[in-house]
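To start, the structure itself, in structure tokens.
Read-outs throughout are calculated quantities, based only on the coordinates presented, and are distinct from any laboratory measurement. Bear in mind that the values here come from a model prediction, so they are computed numbers and not experimental data. Cβ: placed from backbone, ideal geometry, glycine included. Neighbour counts: every protein chain shown.
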């Protein structure tokens, strides 16, 4: 089948995409996509989120995460409810019934690395949420994770840690 055009390798730029996980730590990010998906088993659902790092370190890197909505395992569902509460607090939302309510919210995300397994490479996951620096978390639920003074795993000596950047 024809491609529809001719490609000349000398005219195509090098691929500079980097899919290596970024270091664990807190990062300022914006929620770009949010949608409800079914679990592989088909007996539950989760909120799938796409975050874009705001920088300056790792600016424009994309991180994916999820929050359990429903699951036949009661413990998994309880964890999902707590995570949803933390995400809502970080976004300044007191009630949510539509994924669009999360879109374009700028928050801090706690990024971790999930080791390589089952033939898949190591990857980043999101394990915590809190408001951007300077914003107070909801008094009903404190922010998830360590205080900014102890969360500098992603910073380098002499640079501002990710949570201190705007």
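Applying 0.36 nm per residue to the separation of residue 3 and residue 98 and subtracting their alpha-carbon distance, the gain on full extension is 30.2 nm.
Extending 7 Å from the Cα toward the beta-carbon at both residue 11 and residue 133 defines two label points whose distance is 4.6 nm.
For the range 2-48 versus the range 87-131, the inter-centroid distance based on Cα atoms is 15 Å. When every Cα-Cα distance of the range 20-136 is counted in 10 angstrom steps from zero, the calculated P(r) takes the values 14, 45, 34, 7, 0 percent.
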